[in-house]
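Chemist: The structure is given below, and queries will be raised subsequently.
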Amino acid sequence: MYSRIAGTGSYLPEKIVTNADLEKLIDTTDEWIRSRSGIEQRHMAAPEETTSTMSIEAAKRAMEAAGVTADEIDFIVVGTTTPDLVFPNVATFVQAALGIHDTPALSVETACSGFMYALSIADKYIRLGEAKCALVIGADCLTRIMDWSNRSTCVLFGDGAGAVVLKPSEEPGILTTIISADGQYRDLLYYPFGVSYGFDQLRAGAPAGLTMKGNEVFKVAVNTLSRLVDQTLAKAGLERSDVDWLVPHQANLRIIMAAAKKLALPMEQVVVTVRQQGNTSAASVPLALDCAVRDGRIQRGQTLLLEAFGGGFTWGSALIRY
Ligand code: ACO
């Protein structure tokens with residue numbers, strides 16, 4: 001038994017913030033942002049929008065694409081690092097909004113690789129026969145945890161949500177997934193406040209928002225993703241040449257290009273949304289997937305490699321016969 005993606009959906013907030021808009025706020029230039037990251041613009045949630053409202057929209061679109069109704073969903077998992085509240089978790093918000101009752105509803109908090117973790121968990125439940133129709137979401141509202149005076153980080157991130165519906169199938173399907181982490185790197189990328197640590201900035205003496213040692217993150221990300229590509233192909237018994245599409249986490253165009261090079265894939269076979277969306281954290285892989293499915297680039301029967309890397313560090317991948 002395999003799990004297969006029955007439908008995809010996504011949601012981006014209406015408001016767009018361009019690099020030119022940021023030039024008016026902080027000491028930066030469009031040229032710097034584009035040349036370092038590839039990013040031209042990002043979407044920003046309106047004040048009334050939250051991670052759950054974006055998740056709900058993405059979920060509805062994925063369910064419509066899959067042709068499933070709310071009463072069929074029996075497992076909900078959301079990858080997010082910016083939940084609406086400390087609790088209840090975002091998946092229960094999605095569950096309630098869709099009128100679903102008495103199913104597991106959980107969230108996983110693994111930063112940018114949240115969707116890869118969520119997908120891996122849901123895949124196991126389907127393979128074991130414990131779930132028949134899983135809603136898997138990646139969503140984040142990182143603009144809410146930015147220090148808007150820190151030009152090194154605030155130019156890189158955006159908001160959004162992406163979702164897939166997974167169903168059982170005798171044919172693959174998700175061929176394999178890998179999830180992993182290495183906590184020794186936590187100081188390279190983190191948000192300095194939290195529930196048990198405390199939200200009092202003065203008491204903590206911490207930076208004012210998401211903190212990243214970009215250069216060092218870059219190096220570990222490229223090395224880890226490069227290793228991950230090999231591990232994932234080996235686990236599934238496939239060759240690089242078997243991959244039709246790379247659907248990578250959209251942190252930085254240069255990291256994406258390095259991963260494509262490792263696979264010897266031309267950029268025409270890489271789904272790139274970072275220019276228009278920036279880094280949407282856990283939403284970035286399902287957003288990119290939905291984009292390429294809806295515009296017809298990704299076709300049924302093709303082989304996809306999804307991968308992500310984020311704070312922790314955490315990382316994850318999935319090799320999929322779509
Ligand atoms: N505009 C203009 N100048 C800037 C800006 C800006 N927005 N930001 C930084 N600078 C300056 C710096 O102050 C520095 O100036 P200095 O040399 O006078 O000190 C200079 O530009 C170079 O800064 P670096 O940080 O060395 O620039 P770098 O080339 O490394 O690019 C970047 C920075 C884009 C962040 C890159 O390192 C990167 O993409 N890293 C990886 C990020 C990533 O992958 N994150 C993934 C996980 S995200 C998650 O999990 C939530």
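The values are calculated or read from the model by the stated rules, or taken from the named source; none is laboratory data. Since we're looking at a predicted model, the values are computed, not measured. Using ideal geometry, Cβ is built from the backbone for each residue, glycine included, and neighbour counts are taken over all protein chains shown.
Chemist: In region 307-322, what residues are part of a strand (DSSP E or B) and either in contact with a Phe, Trp or Tyr (Cβ under 8 Å, 6 or more places away or on another chain) or hydroxyl-bearing (Ser, Thr, Tyr) (or both)? Spell out how you get there, then give the answer.
Modeler: Of region 307-322, the ones part of a strand (DSSP E or B) are 307-310, 314-321.
Glu307, Ala308, Phe309, Thr314, Trp315, Gly316, Ser317 - these are the residues of region 307-322 that are part of a strand (DSSP E or B) and either in contact with a Phe, Trp or Tyr (Cβ under 8 Å, 6 or more places away or on another chain) or hydroxyl-bearing (Ser, Thr, Tyr) (or both).
Chemist: Could you tell me which numbered condition Gly301 fails, if it satisfies all but one of (1) on the phi < 0 side of the Ramachandran plot; (2) of a type outside the set (S, T, N, Q); (3) surrounded by fewer than 21 Cβ atoms within 10 Å (Cβ to Cβ)?
Modeler: Here Gly301 clears every test but (1).
Yes/no matrix, rows are residues, columns are (1) surrounded by 16 or more Cβ atoms within 10 Å (Cβ to Cβ); (2) more than 16 Å from the ligand (Cβ to nearest atom); (3) assigned to a loop (DSSP other than H, G, I, E, B):
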| position | (1), (2), (3) |
| --- | --- |
| Arg4 | yes, yes, no |
| Ser10 | yes, yes, no |
| Pro13 | yes, yes, yes |
| Asp21 | no, no, no |
| Ile33 | yes, no, no |
| Arg36 | yes, no, no |
| Glu49 | yes, yes, yes |
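Chemist: Do we have Gln276 as buried (at least 20 other Cβ atoms within 10 Å of the Cβ), closer than 16 Å to Gly160 by Cα, of a type outside the set (A, V, I, L, M, F, W, C) and at pLDDT 95 or above here?
Modeler: On the way: buried (at least 20 other Cβ atoms within 10 Å of the Cβ): no; closer than 16 Å to Gly160 by Cα: yes; of a type outside the set (A, V, I, L, M, F, W, C): yes; at pLDDT 95 or above: yes.
Judged against the criteria, Gln276 is not a match.
Chemist: I'm told Pro104 meets every condition in (1) touching a strand residue (DSSP E or B) at 6+ places or on another chain (Cβ under 6 Å); (2) free of Cβ contacts under 8 Å to residues at least 60 places away in the same chain; (3) under 18 Å from Glu72 (Cβ atoms); (4) crowded, with 18+ Cβ neighbours inside 10 Å except one. Can you identify the failing condition by its number?
Modeler: Of the numbered conditions (1) touching a strand residue (DSSP E or B) at 6+ places or on another chain (Cβ under 6 Å); (2) free of Cβ contacts under 8 Å to residues at least 60 places away in the same chain; (3) under 18 Å from Glu72 (Cβ atoms); (4) crowded, with 18+ Cβ neighbours inside 10 Å, the odd one out for Pro104 is (4).
Chemist: Of the residues Thr50, Thr8, Thr18, Thr29, only one is β-branched (Val, Ile, Thr) and without any contact (Cβ under 8 Å) to a residue 12 or more places away in the chain; which?
Modeler: Numbers: Thr50 fails: without any contact (Cβ under 8 Å) to a residue 12 or more places away in the chain; Thr8 fails: without any contact (Cβ under 8 Å) to a residue 12 or more places away in the chain; Thr18 fails: without any contact (Cβ under 8 Å) to a residue 12 or more places away in the chain.
Being β-branched (Val, Ile, Thr) and without any contact (Cβ under 8 Å) to a residue 12 or more places away in the chain holds for just one of Thr50, Thr8, Thr18, Thr29, which is Thr29.
Chemist: For Lys261, which of the numbered conditions (1) without any contact (Cβ under 8 Å) to a residue 12 or more places away in the chain; (2) in a loop (DSSP other than H, G, I, E, B) fails to hold?
Modeler: (2)
Chemist: So is Pro172 part of a loop (DSSP other than H, G, I, E, B) and touching a Ser or Thr at 6+ places or on another chain (Cβ under 7 Å) or not?
Modeler: On the way: part of a loop (DSSP other than H, G, I, E, B): yes; touching a Ser or Thr at 6+ places or on another chain (Cβ under 7 Å): no.
Considered against the rule, which asks whether it is part of a loop (DSSP other than H, G, I, E, B) and touching a Ser or Thr at 6+ places or on another chain (Cβ under 7 Å), Pro172 comes out as no.
Chemist: Tell me which of these Glu268 doesn't satisfy, since it passes every other one: (1) within 11 Å of the ligand (Cβ to nearest atom); (2) without any contact (Cβ under 8 Å) to a residue 12 or more places away in the chain.
Modeler: Condition not satisfied by Glu268: (1).
Chemist: Now for a different question. Which of the following residues is in contact (Cβ under 8 Å) with a residue 60 or more places away in the chain, on the phi < 0 side of the Ramachandran plot and in a helix (DSSP H, G or I): Leu225, Leu246, Leu238?
Modeler: Working: Leu246 fails: in a helix (DSSP H, G or I); Leu238 fails: in a helix (DSSP H, G or I).
Unique residue meeting the criteria: Leu225.
Chemist: Report yes if Leu98 is closer than 18 Å to Lys132 by Cβ, more than 16 Å from the ligand (Cβ to nearest atom) and under 18 Å from the mean Cα position of the chain (by Cα), otherwise no.
Modeler: Considered against the rule, which asks whether it is closer than 18 Å to Lys132 by Cβ, more than 16 Å from the ligand (Cβ to nearest atom) and under 18 Å from the mean Cα position of the chain (by Cα), Leu98 comes out as no.
Chemist: Restricting to region 280-292, name every residue that is surrounded by 24 or more Cβ atoms within 10 Å (Cβ to Cβ) and at negative phi.
Modeler: Keep residues of region 280-292 that are surrounded by 24 or more Cβ atoms within 10 Å (Cβ to Cβ), which gives 280-290.
Matches in region 280-292: Thr280, Ala282, Ala283, Ser284, Val285, Pro286, Leu287, Ala288, Leu289, Asp290.
Chemist: A further question on this structure: Using the structure shown, decide if Thr81 is surrounded by 21 or more Cβ atoms within 10 Å (Cβ to Cβ), within 16 Å of the ligand (Cβ to nearest atom) and modelled with pLDDT of 95 or more. Spell out the reasoning first.
Modeler: On the way: surrounded by 21 or more Cβ atoms within 10 Å (Cβ to Cβ): yes; within 16 Å of the ligand (Cβ to nearest atom): yes; modelled with pLDDT of 95 or more: yes.
Taking the combined requirement at face value, the residue satisfies it.
Chemist: Check whether at least one residue in region 52-75 is more than 16 Å from the ligand (Cβ to nearest atom), charged (D, E, K, R) and in contact with a Cys (Cβ under 6 Å, 6 or more places away or on another chain), and report yes or no.
Modeler: Yes, that holds for at least one residue.
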